[in-house]
Ligand SMILES: [Zn+2]
């Protein structure tokens, strides 16, 4: 991707532009994914928020049925985004990361560990903006 900007645009502004683009990409990619996994897992998501987060890929407010997805996932393989969606939807069935949660993940996405490892190969805090 080539980002064309006016000379003198500061780092903060450049980051904001790229961040908005990532967010927009996920806003397009997420609805069909969520629809697919809602049907598979028998859950219903109320609202989906996409925002840049420093320390996590996603979060779930299980009692409100809202999920939050990190816009930085736009930089990752699509399978990793799907893993995060399944992980957050699984929290609608089991809020904590206990045995029940793990067995749900094993059931719905047997290869989840591989995708999680791929996702965390480059930790969020070590990612740098590539310009
Ligand atoms: Zn979790």
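Just to be sure I understand, how many residues within the stretch 57-85 are within 14 Å of the ligand (Cβ to nearest atom), outside any strand (DSSP E or B) and surrounded by fewer than 19 Cβ atoms within 10 Å (Cβ to Cβ)?
Here the count works out to 1.
Inspect all residues belonging to the stretch 118-130 and state whether any of them is within 30 Å of residue 2 (Cα to Cα), buried (at least 17 other Cβ atoms within 10 Å of the Cβ) and within 16 Å of the ligand (Cβ to nearest atom).
There is at least one residue in the stretch 118-130 that is within 30 Å of residue 2 (Cα to Cα), buried (at least 17 other Cβ atoms within 10 Å of the Cβ) and within 16 Å of the ligand (Cβ to nearest atom).
Could you pull out the residue among 30, 92 that is within 16 Å of the ligand (Cβ to nearest atom), crowded, with 16+ Cβ neighbours inside 10 Å and without any contact (Cβ under 8 Å) to a residue 60 or more places away in the chain?
92
Of the residues 11, 99, 54, only one is modelled with pLDDT under 90, exposed (fewer than 13 other Cβ atoms within 10 Å of the Cβ) and closer than 22 Å to residue 120 by Cβ; which?
When all the criteria are applied, what remains is 54.
Among (1) within 14 Å of the ligand (Cβ to nearest atom); (2) modelled with pLDDT of 95 or more; (3) not in a helix (DSSP H, G or I), there is one condition residue 44 misses while meeting the rest; what is its number?
With respect to (1) within 14 Å of the ligand (Cβ to nearest atom); (2) modelled with pLDDT of 95 or more; (3) not in a helix (DSSP H, G or I), residue 44 is out only on (1).
The values are calculated or read from the model by the stated rules, or taken from the named source; none is laboratory data. Here the structure is a predicted model, which means the values were calculated and not measured. Cβ: placed from backbone, ideal geometry, glycine included. Neighbour counts: every protein chain shown.
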